[in-house]
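Participant: Below is one structure. I have some questions about it.
What follows draws every value from the coordinates through simple rules; no lab data is involved. Since this is a predicted model, take the numbers as computed values, not measurements. No Cβ is skipped: glycine too gets one built from the backbone with ideal geometry, and neighbour counts run over all protein chains shown.
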Amino acid sequence: MKRVFPNGTGFVAILALLLGWAWIDPKAAVSGGPVITGLFANFLIVVIFFLQGWRLRPARMFEVWADGYTLWITQIAIIATPVALVLSGWAVGVISEEKLSPFLLLACLPTTISSCVVYARGAGGDGDYALGHATLSNLLAPFLVPLAWFFLIRPSGPAHFPMTSALMEVVPNMLLLVGLPCFFGWWFRKAVTPKLKPLAEWLAGNLPLVGIALLAYFSLGQALILHGREQCRAEAVELLLPLGGGFLLLSFFSWFLSGLIRRDRGGRVATFFCLSQKSLALGIPMVHLLVGSNDAELFKWVFPVILLHFIQLVLGALIMLLLRR
């Protein structure tokens, strides 16, 4: 097991198994009810970032502020690169007029924190540097996503700027689920005796991968229960090619851009995952704030976010394997 997990093959197998199980029996994923499932998912996020805090090097995380040019070119590229790909796909007819606005909203979402950091570490990159950029991307999202909604997307219906609601959604969650667990993990490492540190290091390196696989399992089960298997299947068939192909193109351009932004391998790998991952955890609340609560209208906006989440988890895990080797 110790030889399989660090190479990532064990994680890919567990992820595929759990996603297949969620598809076969989605009720099992939410058998405890939405409240219990949500609490357990939050617990997993806390554990993931507690373990990231165990391995945290604060100086590396705050290095993102050392070079203003690198900082802002990375943050701009997180949105500008996928937006350019979506508009190019629409121009050549790969993306229909109906799907253009949901895809643009998806492109404007911030980078995900959990899988971005865990994949960067798993690929031998600088997870602390990735955490710094991912955190800033999520803090900027309550301002940038509503602005993109009004100036770039502008769907039918009144446009509004729910920045206050978005900030109330983002900042407390980041503090409770990311900031505090990271701090306590970093602090707890100093209190652990040297004899326990080798085992703790191994757990910190591998348990976050299991946590991400379990979070994907719960997310897929909830999506299937909420929207129905047939509707999800039909939409997935229609969107799989543009989203899957788009993710591969985004990964290609992200790797190219990351090489221009950072020359060292650790920083380049971290930047790559920051540029190529989109957040489900923040994406779903932002869609609800912007679109409203109409279930029929919500589905066409929410489902691309959900489907891309699973695509980038599976393909991102394979990319992590390739980069690590």
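Participant: Using square roots of five times the C-alpha gyration tensor eigenvalues, list the equivalent-ellipsoid semi-axes of the chain in whole Å, biggest first.
Facilitator: Numbers: eigenvalues 173, 108, 77 Å².
Semi-axes, largest first: 29, 23, 20 Å.
Participant: Starting with the fewest neighbours, write out Ile24, Ile36 ranked by other beta-carbon atoms found within 10 Å of each beta-carbon.
Facilitator: Values: Ile24 8, Ile36 11.
Ascending number of Cβ neighbours within 10 Å: Ile24, Ile36.
Participant: Which value, in debye to the nearest 20, describes the size of the charge dipole of the chain about its Cα centre when Lys and Arg Cβ atoms bear +1, Asp and Glu Cβ atoms bear -1, and nothing else is charged?
Facilitator: In total the dipole reaches around 1300 debye.
Participant: Once Lys and Arg get +1 and Asp and Glu get -1 on their Cβ, which of Trp301, Gln52, Ala141 lies farthest toward the positive end of the dipole of the chain?
Facilitator: Value: Gln52.
Participant: Of the candidates Val94, Val145, Val269, which one comes out as most mobile in a Gaussian network treatment of the chain with C-alpha springs shorter than 10 Å?
Facilitator: Its mean-square fluctuation being the largest, the pick is Val94.
Participant: Also: Only helices at least 30 Å long along their axis, Cα-based, and averaging -0.5 or more on Kyte-Doolittle count here, so list those DSSP H runs from the chain.
Facilitator: Details: long enough: 33-54 (32 Å, 1.78); 68-91 (34 Å, 1.38); 197-227 (45 Å, 1.10); 229-261 (44 Å, 0.93); 295-324 (42 Å, 1.64).
Correct list, ordered by number: 33-54, 68-91, 197-227, 229-261, 295-324.
Participant: Please list the equivalent ellipsoid semi-axes of the stretch 34-120, computed as the square roots of five times the alpha-carbon gyration tensor eigenvalues, in descending order and whole angstrom.
Facilitator: 31, 23, 8
Participant: Related question: Using the count of nearby Cβ atoms within 10 Å as a rough guide to exposure, how do Ser96, Ser137 rank from fewest to most? Intermediate values should be presented prior to the final figure.
Facilitator: Numbers: Ser96 12, Ser137 25.
By the 10 Å Cβ count, ascending: Ser96, Ser137.
Participant: Sticking with this structure for a sec: Taking the number of other C-beta atoms within 10 Å as the exposure measure, put Tyr129, Tyr69 in order starting with the fewest. List each step's numbers first, then the result.
Facilitator: Values: Tyr129 26, Tyr69 8.
Ascending number of Cβ neighbours within 10 Å: Tyr69, Tyr129.
Participant: While we're on this one: Student exercise: in the stretch 4-324, how many lysine pairs 8 or more apart or on different chains have Cα atoms under 30 Å apart? Intermediate results must be reported in sequence, preceding the final value.
Facilitator: Working: Lys27/Lys99; Lys27/Lys278; Lys27/Lys300; Lys99/Lys278; Lys99/Lys300; Lys278/Lys300.
So the count of such lysine pairs works out to 6.
Participant: Any idea which of Thr74, Ile284, Ala130 is furthest toward the positive side of the dipole for the chain, if Lys and Arg beta-carbons carry +1 and Asp and Glu beta-carbons -1?
Facilitator: Looking along the dipole axis, the top candidate is Ala130.
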